[in-house]
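Here's the structure we're looking at; comments come further down.
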2 protein chains.
Amino acid sequence: MTIEMFERTLELAALLAAEIERKLAADGLTRSRAQVLRRLGEEGPMQQRELARVFDVSARNITGLVDGLVTTGFVTREPHPDDRRATLVTLTARGVTAAQTIEASRHELAEAMFAGIPEREKHAYRGVLDTLLDNLRTR
Amino acid sequence: MTIEMFERTLELAALLAAEIERKLAADGLTRSRAQVLRRLGEEGPMQQRELARVFDVSARNITGLVDGLVTTGFVTREPHPDDRRATLVTLTARGVTAAQTIEASRHELAEAMFAGIPEREKHAYRGVLDTLLDNLRTR
DNA sequence: TATTGTTATACTCTATAACTATA
DNA sequence: TATAGTTATAGAGTATAACAATA
């Protein structure tokens with residue numbers, strides 16, 4: 001009954017997405033914008049074209065996401081010191097806090113999600129997960 | 001390292017979503033529209049309000065999805081025999097075929113995804129999955 | 001000439017509110 | 001008065017193409 005496991009895996013994905021988006025919405029963020037914040041939190045200020053590259057989306061898309069983040073006060077566009085064409089998308093104080101909150105929420109959700117599962121079963125899950133990822137990647 | 005398993009679970013979800021959407025796009029469908037087709041394939045003609053109820057979305061949203069499916073030839077709006085306010089969203093021949101193709105693709109993807117995983121590990125995966133779903137639902 | 005980012009335009013999903021036709 | 005579905009309006013994510021400023 002692989003189809004049943006497949007459906008349940010999709011159900012898990014849907015529940016996870018809903019839970020994550022619920023939290024983000026409470027902080028005034030969408031999933032796409034939060035993804036940008038997380039990356040900026042890890043890497044520091046970045047050019048828009050670099051963001052477009054790492055997320056594999058169009059430049060126009062990044063312009064829109066950054067517009068939204070600027071309007072809501074999470075980032076600013078700073079001039080690039082060496083290239084006057086480029087801007088450096090930079091976290092504000094609020095943006096830094098938000099990025100930290102996102103990380104903390106993810107840890108909290110991860111713990112809650114795997115609560116009550118014995119180490120041994122976690123290992124088994126982890127092993128299967130790696131195979132599933134491999135199977136999907138080489139397709 | 002629950003956070004790592006968490007991240008990998010999200011990665012799996014993302015890969016699955018991408019794979020599913022890739023296939024659907026090749027058939028001229030989006031995920032939301034395909035969801036409607038699948039339901040119609042299982043239940044037969046349905047009222048829009050019923051669709052809105054089962055997917056827990058607004059009536060407006062269903063109007064838009066059905067508009068798209070009508071334009072692309074997957075469904076028609078038929079008059080409800082007993083209630084002149086209502087329409088019965090009905091699969092066309094093309095819609096029936098598409099619904100069947102979707103189901104077949106899901107089975108195929110499920111098989112490919114779980115290929116090479118011994119029964120015993122599938123069982124373990126299934127068990128953990130159920131707990132994860134429980135943990136997320138009771139939250 | 002090539003690159004960075006914006007403007008113009010378009011499509012999709014989603015929502016609330018007002019409205020029409022019907023029950 | 002309540003319900004089914006549409007129109008009006010709006011926000012968000014995504015894309016391609018044309019364009020301005022700069023490299």
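The numbers here are math on the coordinates, done by the rules we state, and not lab data. Because the structure is predicted, anything quoted here is derived from the model rather than measured. Positions of Cβ are generated from backbone atoms using ideal geometry, with glycine treated the same way; all protein chains shown enter the neighbour counts.
What the table shows:
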quantity: Residue list for segment A:59-90, filter: over 17 Å from the mean Cα position of the chain (by Cα), assigned to a loop (DSSP other than H, G, I, E, B) and either of a type in the set (S, T, Y) or under 18 Å from A:L29 (Cβ atoms) (or both); calculated: A:T72, A:G73
quantity: Segment B:34-58, subset within 14 Å of chain A (Cβ to nearest Cβ) and near DNA strand C (Cβ under 10 Å from one of its atoms), residue nearest to B:L24 (Cα to Cα); calculated: B:A34
quantity: Selection within segment A:110-126 - under 25 Å from the mean Cα position of the chain (by Cα) and more than 7 Å from chain B (Cβ to nearest Cβ); calculated: A:H123
quantity: B:D83 within 13 Å of another protein chain (Cβ to nearest Cβ), more than 28 Å from A:T138 (Cβ to Cβ) and surrounded by fewer than 17 Cβ atoms within 10 Å (Cβ to Cβ); calculated: no
quantity: Hits in segment A:28-58 (condition: buried (at least 16 other Cβ atoms within 10 Å of the Cβ), in contact (Cβ under 8 Å) with a residue 40 or more places away in the chain, more than 10 Å from the chain's Cα centre (by Cα) and within 13 Å of DNA strand D (Cβ to nearest atom)); calculated: A:L29, A:Q47, A:Q48
quantity: Filter result for A:L91 (surrounded by 15 or more Cβ atoms within 10 Å (Cβ to Cβ), more than 14 Å from chain B (Cβ to nearest Cβ) and under 24 Å from B:T2 (Cβ atoms)); calculated: no
quantity: Filtered residues of segment A:91-139 (kept if outside any helix (DSSP H, G or I) and free of Cβ contacts under 8 Å to residues at least 12 places away in the same chain); calculated: A:F114, A:A115, A:G116, A:I117, A:P118, A:T138, A:R139
quantity: Boolean, A:E4 is under 30 Å from B:K122 (Cβ atoms), away from DNA strand C (no atom under 13 Å from the Cβ), surrounded by fewer than 15 Cβ atoms within 10 Å (Cβ to Cβ) and within 13 Å of chain B (Cβ to nearest Cβ); calculated: yes
quantity: Subset of segment A:95-116 [in contact with a Gly (Cβ under 9 Å, 6 or more places away or on another chain) and away from DNA strand D (no atom under 16 Å from the Cβ)]; calculated: A:V96, A:Q100, A:E103
quantity: Selected residue (only one of B:L10, B:L24 is surrounded by 15 or more Cβ atoms within 10 Å (Cβ to Cβ), under 28 Å from A:L136 (Cβ atoms), within 14 Å of chain A (Cβ to nearest Cβ) and out of contact with any helix residue (DSSP H, G or I) (no Cβ under 6 Å at 6 or more places or on another chain)); calculated: B:L10
quantity: Those residues of segment B:59-77 which are more than 23 Å from B:I20 (Cα to Cα) and surrounded by 15 or more Cβ atoms within 10 Å (Cβ to Cβ), in sequence order; calculated: B:T76, B:R77
